[in-house]
Each structure stands twice: as C-alpha cells, then as structure tokens.
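I have placed the structure first, in the form of structure tokens, so that the comments after it can refer back to it.
The values are calculated or read from the model by the stated rules, or taken from the named source; none is laboratory data. Since this is a predicted model, take the numbers as computed values, not measurements. Note: ideal-geometry Cβ built from the backbone for every residue, glycine included; neighbour counts use all protein chains shown.
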Amino acid sequence: MFRNKRFLITQPLIRGINGSTVVTLELVKELLAQEAKVTVYTCDHAEPSKSFFKKAGIKVNAATENPNYKLTDFDYIWVHSQILPLSIINDLSHKLPSKLPAFIFLHMSGMDWIPDEKPWIFNLENQLSSLSLFISEEVKDVNKAFLDPSIPTKFYRNPAPDSFKNRTKKPSNTLRNILIVSSHPPKEILEAKKILSDTHHINVDILGEGQEKYQLFNKNILEKYDAIITIAKTVPYCLISGTPVYVYDTYGGGPGWLNQKNFDQAKYRNFSGYQNNTYPNYEGGVFHFKTASQIAQEIINGYQDSLAFHKQNISSFFDDFSLSSVLPIIFSNLHPRRLSTFSPKYTESVLSAQRLATIRFQEGGKLYERDEIINQLKQENSILNQRNHELENYKQNTEAVFQSKSYRMFDKAITPYKIIRGRKK
C-alpha cells in the first residue's frame, strides 16, 4: 500500500539507541520494505545510531544542511516532537499548492520532563494534523487538552517488526536465561540478578548503554533468553514473540510479570513501570519499590504463569503490537486536510521555536557525547581497578609463599647452589 509513496519522517535527535530513534528506524525500514520513498530529517545525528540508518540505506538530512524541502515533495509528513524543517514552515506561509501532504503527529510520552513530546508549539498540530498518534491511552489523556477534538486519533503502541513473531527457539519451560534491557537498571534489579545467579543458578545478562552489552535489540538476541526484564519500547518485542516479560525499572518500579490481571493497566501506561493505585506497591500517592529478594522470588514463582499468559495471547498481541498490523490501520482513510496559509507573524513565531529546538537538541547531542566519554572512562577505570585488585591478590599470595615454612626450608636447601653459582659469575 506504500509503493512509491513519498514520506518525510522528522526525528529530533539520532544518536543513542533510545525509544524514539529506534521507532523511527523501524518505521522507515518497514516503509522501505514496502517500496516507499523515505527521507528522514533530524536536528543532529552521530554515532552509534548514524551507522544504523546508513546501513539500512536510509537518507538522513540534518538541520545543519538546511535542506530545501517543498510541500509538494511528499505525500506524508510524519512528525516527532513537533520538529519540522524550516523550508516546510516557509512553504506553509505562501500560497498553498492544490495537492498537500497529510501530516501525522506522534506523541510518545506525557511526562512533564519530556516537554517536546507535547504540542509545545502553539496551534501547530491543530492547524496541520490529519491524524494524531499516541503510544498509549495515558499519553492521549495527558495531551488531549491541548488538541482540537476534531483531529482524528489512533494508537501507535511502539509496534515491533514482524521478524520477532517467528521466534525459532521458544522460551524454556524451566527458567534458565534472563536478559535485563535497560540503560538505567535500578539497584534492586542488580541485586536480584546476583540472587538469581548465586542461589538459583540462572544466567542473567544486561543490555543497555553503559552496561555489559550495548547494541540494537534484535530477534537473535531475544532468542537466547527465556524471559526479559525491561519497560516500554522493548515490551512489544516480547509480546509478539511469546517471550515472558517482567516490567520493572528505575522510574516508578513496575507491576512485574505481565499477566491477565495487570496487562490492561500496564498497557494504559505504555508498560513504562509507572503505576496507579491498582498496583500493590503504590500507597497514598507514593511509590513503594520492591526489594531485591521480592523481585527474585517473584521471578522464580511467577515465570510459569507469565509464560502461559504470553502463549495464550500471542495472536491478539500481534494484532495490536506488530508493524504489519498497525500501519494499514494508521493509513486507512488518511487524507490531507484543508490548510490555511500561515500568517507572517505566526510563521516567524514557529520558525523561532524550531530554531530554538534545533539548538536544544544539538546541545543535547553534545551532552550525550560527554556522557558517552564519562561512561567509557568509568568502564576503563573499572577494568583498571579489577587489574589492581588482581595484582594486589597476587602480591599477597606471593608474600604468603615467601613467608611460608616450606619456602624457607627450600631456600635454605638451595643456599649452597646459589653460593657456587655466584662464585662462577
């Protein structure tokens, strides 16, 4: 249905392996697979994510290139974080062509500390949007007060590529291997990892920025594990592959194993770990996080039930959380809306906001580079500390040998040989 359709996808920052960037990457790869023509516009891009887009043959233009796009260049403009190229805004301020693209705005968070996921440019989405998308009901509820109720809305629940559906190696009936997917695993999860390893002999690995492994999550990684501990973007991979998932992370804790009782509430909040009073670790408006021993015990005791739950619901999960199922729904009956030319004052206001946002994201990229350097130095320091620890142990062991009775006896026994050898020299 997308053959020869022309897309512009806007993405604020392409640098780290994070939810928004991976959503864009997977969306574009799916559109290209269906023979669409896709261009990505971003405020700033660099490694490691830059290589992923290049390898996939995806054309990316950064704001510094100041690309001269026209409205007539595209059939669809899919917007993340209200980011639009300056040339498109300028085009909206002139006489509009008879054939216009359909604008789609995606909202991936309702958190106040992620303001760019809200309609932060006054009236921009209300004037342009043919369809507004939300990754969960919670995000829609938070944002609906800012949007014209006449704008059609649908859900885009971080859908996963279809490749995850055909998991070759199924999860074992006995829990043996777990993967934690997080760039900020909480202390209690790390402590639970040790309990699971030492007491229950379960292998537990960590994937994430600054962790044991840092790479794009894919089907080959997933198949090595019986279960995943994670939140948000990674959960749909588990759902369409029938992999039990334990939802828990630093921000807000989480409900634990997904099951029939907690699934709808977890889905309402995009499996983010944030909860409301339907969960037992939330009392009087304060989050009560679980202890490491509680988590370890829940993981051991609840695995079988969660495995059965995922197996029973895998078909319905595929309908709600796979790209091939979701995209036709998104684009069915989607048409460009009638637009009004932007006034000069409003145009200048939006241009100024976009310029400011570009600076913000470019500076954010520099902070990301700084954090990467800090993490690398921490890892190198950890390796050096480990080596120093090994050398200290070697030194202590050596000194213990020198002080031992058997060594002293041996040293006395070879004293004549050392005297003779010294004379020969």
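Values computed for the structure shown
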| item | result |
| --- | --- |
| Residues satisfying the stated conditions in region 1-31, i.e. crowded, with 21+ Cβ neighbours inside 10 Å, touching an Asp or Glu at 6+ places or on another chain (Cβ under 8 Å) and farther than 15 Å from Ala46 by Cβ | Phe7, Leu8 |
| Region 263-278 - residue that is more than 20 Å from the chain's Cα centre (by Cα) and at pLDDT below 80 and, of those, surrounded by the most Cβ atoms within 10 Å (Cβ to Cβ) | Thr278 |
| Any hit, region 113-120, residues being closer than 18 Å to Thr358 by Cβ, of a type in the set (Asp, Glu) and under 19 Å from the mean Cα position of the chain (by Cα) | yes |
| Number of positions in region 31-75 that are in a strand (DSSP E or B) and closer than 26 Å to Val326 by Cβ | 9 |
| Candidates Phe7, Phe52, Phe74 - the one that is touching a Pro at 6+ places or on another chain (Cβ under 8 Å), touching a residue at least 24 places away in the same chain (Cβ under 8 Å) and at negative phi | Phe74 |
| Condition check for Ala308: in the same structural domain as Leu190 (by TED's automatic domain parsing), at pLDDT below 95, assigned to a helix (DSSP H, G or I) and more than 17 Å from Pro186 (Cα to Cα) | no |
| Only listed residue being surrounded by fewer than 19 Cβ atoms within 10 Å (Cβ to Cβ), at negative phi, within 19 Å of the chain's Cα centre (by Cα) and not small (Gly, Ala, Ser), chosen from Asp141, Asp148, Asp162 | Asp162 |
